Amino acid sequence: MQNKLMKVAFLSTLLSMTSLSMAFAFNESPMLKALVDAGKLPPVDQRLPKKPAVIPVYGEIGTYGGTLRRAYSGIGDRMGSTKLVEERAIKLQQSLDGKVDLVNRFVESWSANADSTEFTFSLLDGMKWSDGQPVTTDDVKFWYEDIFLNSELSPAPPGFLFSGGKPFKLDVVDKRTFKVKFEQPYALFPYVLAVQSTGWPGLDKPSFIQPAHYLKKFLPKYTKPEELDAIVKAKGVANWRGLWDLKGPIQAWWLNPDLPVVTAYKVVTPPPASTIVFERNPYYWATDKAGNQLPYIDRIEGKLFQDHQALNLMVVQGQIDFQSRFLEARDYPLLKENEKAGNYTVHPWKSGENLAMFVNIESKDPVKAKLFNDVRFREALSVAIDREAINETVFSGLATPRSASPAKGSPYYDADFEKKWTGFDINRANALLDQLGLKKGADGFRTGPDGKRLSLVLETVEPNFPPEMAELVRQGWQQAGIEGLVRTVDENANLSHLKNSEFDVSMGYADRLLMPQADPTLLLGRESYANGYFEWFNSDGKSPSGVEPPADHPIRKLFAAWKGASSAKTIDEANKKMNELIGVMKDNVWMIGLVGESVTPFVVSNKIGNFPDVMTNEEALRNEGNAIPAQLYFKK
Amino acid sequence: MTETTLNDMQDVETGTGREERVYQATPAQLMWWRFKRHKVAMLSGIILIAAYLIVALAEFVAPYDAFEANSRSTLQPPQAIHFFDEQGSFRGPFVYGFKRGRDPVTMRPIYVADTTKVIPINFFVRGQAYKFWGLFEGNLHLYGTTGPDRINLLGTDTLGRDMVSRLIHGGRISLSVGLIGVAVSFVLGITLGSISGYFGGITDNIVQRGMEFLRSIPTIPLWMGLAAALPITWDPLFVYFLVTLLLSLIGWTYVARTVRGRFLSIKNEDFVLAARFCGTSEAKIITRHMLPSMTSYIIAALTLAVPDMILGETALSFLGLGLRPPVVSWGVLLQDAQNLRTIAQAPWLLAPGAAIVIIVLAFNFLGDGLRDAADPYSK
Amino acid sequence: MISYILNRIAWAVPMLFLVSVASFAVIQLPPGDFASAMVAEMRTQGDVVPEGTEERIRHEYGLDRPIYEQYVSWMGKIVLHGDFGTSLGFNQPVSNLIWDRLFLTVSISLASLILTWVIAIPIGVYAAARQYSFLDYFFTIFGFIGRGFPEFLSALILMWFAYSWFGMNVGGLFSPEMQNAPWSLAKVIDLANHLWIPLLVLASSGAAGLIRIVRANMLDELNKPYVETALSQGLTEWSVIWRYPVRVALNPFISTIGWALPALISGDVITSVVLNLPTTGPLLLKALQSQDMYLSGAFILILGAFTIIGTIVSDILLAISDPRIRYR
């Protein structure tokens, strides 16, 4: 059982170790070579670890140079740049055949003990920060003690590093090796780490390591108050905590050009500039299999845009080299038609996300709550929708009608679940609604048990969901005698409605369905169909905003399954529990899937080499990052 | 003073019989005669009457309702009306059926006219059922097809909805409720502007400061708050009316300020002073003597305000304040068209813009004609 | 006149106070606040936001204090220190953000404003003097075509045709390679090459309306007896027109000219958004939408001040252009 996990660990170690004998001469970009020759930079073999990580290339060995031109939407668009470059201890990597594996990044190896309570990681030997300082377990210790456990900086530390309600314990073995110890078995931890160690704490706070030598001076523990105050003043923030965190001018990687990083690129011109610039990290610790230090491309630029149409214009004019973020499936024909003029190719990546509707099973309206909790009613809502029409009209026929179920390629994929209730069958919908005693009146609309017209507010978010989609759902429901009132709101309002269960049915993305074991919160109802129940479960009934589900509510089975999976001793046991969880989802369908596997247009300049043609666009695979930008190159 | 008027003058004054009629005519008759000479204005009047007739009878004139979707005919281009088939024989008005396909590379829907498939356009056909003005049931349509094939003279949108039908149903709203806002904002603007300019002093100060205040308040948060506060169950038409009303309550300041500036400059002119010495009431001085001296301006500002009001709602629908089914307006139709894929690949969806241009031009020329006709100097 | 101006300036202070209070209140109208907006944005970005983040942000920025307290501390800093506060969204001083963009915004707006006048006033005057001529009809129809489509759409259409028919490089103000280059002659030329499309878009939408207004004002004036008197005294038509009616006809235009002042600062929001111009307009729009209250508050205050100043300027210009005007 456990040996499977070990095998994964071993395999991934192998991947990075199929490495280079030391006899090998390393190559570097001419841009860095010039600096070395000028004496401004140590030679490449002193900058690389003893055994650099090897990143596989998708095509051939590339050549150095060039600037990758992209677009970004403003200071809130942190992830657009982050997902391209972020690094972590271990990550999920998709291969060309679509399979997804755990691979090592800046650790040379890792292992787990028999009951999955202890994980040992070993950093790459001789790995350095972008300013040339070595990366050691001192940096791990600094992150653990001064950031993760610092309640001033992390009042709500990320839950995935907890088990049994307690944060993990760090045990530093030597300069390169450290152990992560959990209270309870946590077999899924490697997957959770690979997916959730991004973003928060992600690249801003890369998993386990932070540049202690640089960041210490921004903490009151290490710095005199007056010195810290001077820094705070100079940066124009309210207090020292303002220097930190996602938007902190010190800690946010893409706002602070001085912050040492371990990523392939570091920021040179930070936002909100109208063009942000990133330049290669001379100390990046990975090479291709021929020993060329990566990345191939020297610079990345992001040009500010404010509207999708402005971005489309940039694309068709050939001003974009690499972009899928913010491009929409419905623009596929437009982008494709201008390929020649813009000297680019639109690659049809498959989306791993599903468009879905959340049905509010915690509705405060007793009539609706009763209906929404009736599986027949949810089936009627689902089969009254013409998904083929949605596919034809909104996705140029490039998507697949499917339920909100695990994506193809997921360990929990279930072909039967995928197709459940996705056929268009008005008669069935009408029969089900008749069964429920909802009578159709002369005006074609049904009446609820309270004697009022059955009318549901369908909330949709501008600009995330094409309005045509909601309109088609409305028309389907109308045929079944349900009045749909389409309400367009912004993300802010939508999120607040989801959190407080103040909606009937909301459009939403059912994402993270490829590796649900790594982040199942959406499936469990968080900010979707049952936020109150989820909070009750997640806080062990302590959260004031939590709502306890009724004793016989099927969602309790869902929570029990996740509890089992998250404290499993082995991967096999965890997978068994996960399959149980998916089974509960399948029996109940609280999230009604619309279409999925749609095409995500990926615009890539014809000058770019090594771009993998068709891959999955998915959060867990870091979307654009799944193309491994470090190995892209400009053809000569 | 311009060539046209000089020619027209000669035109009227030839022939003694006519001359006599001119002397005996009432002012209304004179106006009508002068107006009739204004060919463009006449044409504009006819266009407007036709447009209002069409939208009044929308359910009957439009072959379908505004929402019936058809996923088999999405983004279909306009159909040309033919009278003679391939062989050259007369078949009455008809359109060719379309074969739908998809470009295998770009995935764009392609339509090829199928010349073997003649779809005759029939008049006064029984078709989709409707409730005329929400009151009487009916299914008679001005034109349509009798078979299963649909006819989309102006093409279809992304959901395969008939553009002619959407345009007509949208026009009903935009040309009625939409214009209430224009009226309100002009009444407000002219009234407050005149009072402010005519009386000056403290009155002027109060009105002007009020305007400054109104102009300084940001509107976007206002709309965002409103969008969240309005219950979704309210009649969309009423919500739309409310929105236009609010738009007009904010939009009157330009007119008011202009009228005021003008009044400040003419209030001491001879004709105003003369009227005042004769004891004419102030309301009468303003409406009968001062405002008429700026009719052209008012007409121009009015005709400029019409498209602004119709389109004003376009900008609001992204804040969630737009119309929702079963009501549609030209503003909503254009909102759906604001992207490159429409401009490049489905330009027929810009038709509502063309409709607005035609209606506004008609209003403009009609206004010019009426002004010329009413102006005793222009003859 | 001097006392009138002084009186108006004295009025400006309470007006500004009123505007600041009302704006601060209006900004709070949309549901939620910056904290909830930021969490929503992070979620859309794909972040897994830990529990309690929203409350933490709210507390951190003092958004959980009563609204009057927030107002007093905000206003206090502005009045006492000239400190407009920190933008919540950018985590940077508001003044940095605004000044950065102001130069470009004002230059573009000013250029387009002048272009608008240069196009619209002569055409308007001509169209009135030659009413119902071919060119008059031409400009009328042309003008209304511009007005019949939403600004955003007409800008988009213009750009699309500039690109697809004439192969022009549209969007933004600089070529990609010039974007972050230091200022040089080459960069100025590059700017000029890009500037004319936004200018044309901005000016043509403004000019369409202004032509109508100038033409109408001229028509109101040309019909007056004094024009015919002047003509009968042997003056040539154009010298009469330019000397008298035009001056009077510009009165309505001067009445609202002052309001161009705040518009200079905010720029044309919609057009800037689609043209991808880094002006202040989109910044304000974004700030309002994301409820970045100090950034939007500062903006609105500045715009309010300019509206008030603009009105005063307009009134002074009115009096200068037309000696008959008395404000009392």
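The values are calculated or read from the model by the stated rules, or taken from the named source; none is laboratory data. Quantities reported herein were computed from a predicted structural model and do not represent experimental measurements. Here the Cβ positions follow ideal geometry from the backbone for every residue, glycine too, while neighbour counts run over all protein chains shown.
Brief remarks on what is shown
- Residues of the range A:49-103 satisfying the condition of being buried (at least 19 other Cβ atoms within 10 Å of the Cβ), β-branched (Val, Ile, Thr), away from chain C (no Cβ under 13 Å) and in a loop (DSSP other than H, G, I, E, B): A:Ile55, A:Val57
- Tally of residues being within 14 Å of another protein chain (Cβ to nearest Cβ) and outside any loop (DSSP other than H, G, I, E, B) across the range A:399-422: 1
- Restricting the range A:586-636 to residues that are outside the structural domain of A:Gly66 (by TED's automatic domain parsing) and assigned to a helix (DSSP H, G or I), the residue that is surrounded by the fewest Cβ atoms within 10 Å (Cβ to Cβ): A:Asp587
- Restricting attention to the range A:135-158 and to residues that are hydrophobic (A, V, I, L, M, F, W, C), within 14 Å of chain C (Cβ to nearest Cβ) and within 16 Å of A:Ser207 (Cβ to Cβ), the residue that is nearest to the chain's Cα centre (by Cα) turns out to be A:Phe148.
- Filter pass, B:Arg72 being outside any strand (DSSP E or B), closer than 29 Å to B:Leu366 by Cβ and basic (Lys, Arg): no
- Restricting the range C:39-73 to residues that are closer than 15 Å to A:Glu527 by Cβ and in contact (Cβ under 8 Å) with a residue 12 or more places away in the chain, the residue that is farthest from the chain's Cα centre (by Cα) is C:Thr53.
Condition check ((1) among the charged types (D, E, K, R); (2) within 22 Å of A:Tyr633 (Cα to Cα); (3) in contact (Cβ under 8 Å) with a residue 24 or more places away in the chain) across all residues:
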site: A:Gly59; (1), (2), (3): no, yes, yes
site: A:Leu68; (1), (2), (3): no, yes, yes
site: A:Lys99; (1), (2), (3): yes, no, yes
site: A:Met127; (1), (2), (3): no, no, yes
site: A:Gly132; (1), (2), (3): no, no, yes
site: A:Asp146; (1), (2), (3): yes, no, yes
site: A:Ser154; (1), (2), (3): no, no, no
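- The residue of the range A:333-362 that is nearest to A:Glu459 (Cα to Cα), among those that are within 28 Å of the chain's Cα centre (by Cα) and acidic (Asp, Glu), is A:Glu362.
- In the range A:490-504, the residues that are within 9 Å of chain C (Cβ to nearest Cβ) never reach a residue that is of a type in the set (Phe, Trp, Tyr) and crowded, with 20+ Cβ neighbours inside 10 Å with C-beta atoms less than 6 angstrom apart, at least six apart or across chains.
- A:Ser396 vs. criteria within 15 Å of A:Met469 (Cβ to Cβ), outside the structural domain of A:Leu92 (by TED's automatic domain parsing), not in a helix (DSSP H, G or I) and not aliphatic (A, V, I, L, M): yes
- Lone unmet requirement of (1) at pLDDT below 90; (2) away from every other protein chain (no Cβ under 13 Å); (3) surrounded by 21 or more Cβ atoms within 10 Å (Cβ to Cβ) for B:Phe238: (3)
- Per-region count, the range C:220-276, residues in contact with a helix residue (DSSP H, G or I) (Cβ under 6 Å, 6 or more places away or on another chain) and part of a loop (DSSP other than H, G, I, E, B): 4
- Among the residues of the range A:471-499, the ones that are outside any helix (DSSP H, G or I) and under 12 Å from A:Leu381 (Cα atoms) come to 5 in all.
Residues are listed down the side, and each one gets a yes or a no for (1) of a type in the set (D, E, K, R); (2) under 30 Å from A:Ala574 (Cβ atoms); (3) at pLDDT 90 or above:
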position: A:Val461; (1), (2), (3): no, no, no
position: A:Pro467; (1), (2), (3): no, no, no
position: A:Leu472; (1), (2), (3): no, no, yes
position: A:Gly481; (1), (2), (3): no, no, yes
position: A:Asn492; (1), (2), (3): no, no, no
position: A:Glu502; (1), (2), (3): yes, no, yes
position: A:Tyr509; (1), (2), (3): no, yes, yes
position: A:Arg526; (1), (2), (3): yes, yes, yes
position: A:Ala530; (1), (2), (3): no, yes, yes
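- Filter result for A:Leu327 (within 13 Å of chain B (Cβ to nearest Cβ), under 23 Å from the mean Cα position of the chain (by Cα) and surrounded by 24 or more Cβ atoms within 10 Å (Cβ to Cβ)): no
- Residues of the range B:284-299 satisfying the condition of being within 12 Å of chain C (Cβ to nearest Cβ) and in contact (Cβ under 8 Å) with a residue 12 or more places away in the chain: B:Met290, B:Leu291, B:Ser293, B:Met294, B:Thr295, B:Ser296, B:Tyr297, B:Ile298, B:Ile299
- Meets criteria (surrounded by fewer than 24 Cβ atoms within 10 Å (Cβ to Cβ) and part of a loop (DSSP other than H, G, I, E, B)) for A:Glu502: yes
- Of the residues examined, C:Val227 is not one that is within 9 Å of chain B (Cβ to nearest Cβ), under 30 Å from C:Gln131 (Cβ atoms) and out of contact with any Pro (no Cβ under 7 Å at 6 or more places or on another chain).
- Checked against the criteria, B:Glu269 does not count as over 24 Å from the mean Cα position of the chain (by Cα), of a type in the set (Asp, Glu) and more than 10 Å from chain C (Cβ to nearest Cβ).
- Residue identified as on the phi > 0 side of the Ramachandran plot and at the interface with another protein chain (Cβ under 10 Å from one of its Cβ atoms) among B:Gly312, B:Gly279, B:Gly261, B:Gly320: B:Gly320
- Residue match in the range B:327-340 (condition: in a helix (DSSP H, G or I), over 22 Å from B:Pro236 (Cα atoms), free of Cβ contacts under 8 Å to residues at least 24 places away in the same chain and within 7 Å of chain C (Cβ to nearest Cβ)): yes
- Residue check for B:Gly353: more than 26 Å from B:Gly193 (Cβ to Cβ), among the small types (Gly, Ala, Ser) and either surrounded by fewer than 22 Cβ atoms within 10 Å (Cβ to Cβ) or in contact with a strand residue (DSSP E or B) (Cβ under 8 Å, 6 or more places away or on another chain) (or both): no
- Residue, surrounded by the most Cβ atoms within 10 Å (Cβ to Cβ), within the range A:392-406, restricted to residues that are in contact with a helix residue (DSSP H, G or I) (Cβ under 9 Å, 6 or more places away or on another chain) and over 19 Å from A:His347 (Cα atoms): A:Ala404
- Residue satisfying all of: in the range A:478-493; in contact with a Gly (Cβ under 9 Å, 6 or more places away or on another chain) and under 18 Å from C:Lys286 (Cα atoms); surrounded by the most Cβ atoms within 10 Å (Cβ to Cβ) among these: A:Asn492
- Residue within the range C:70-80 that is surrounded by fewer than 20 Cβ atoms within 10 Å (Cβ to Cβ) and either among the basic types (Lys, Arg) or farther than 23 Å from C:Leu16 by Cβ (or both) present: yes
- Index of the failed condition, A:Gln319 passing every other in (1) out of contact with any Leu (no Cβ under 7 Å at 6 or more places or on another chain); (2) within 30 Å of A:Pro467 (Cβ to Cβ); (3) more than 10 Å from chain C (Cβ to nearest Cβ); (4) assigned to a loop (DSSP other than H, G, I, E, B): (3)
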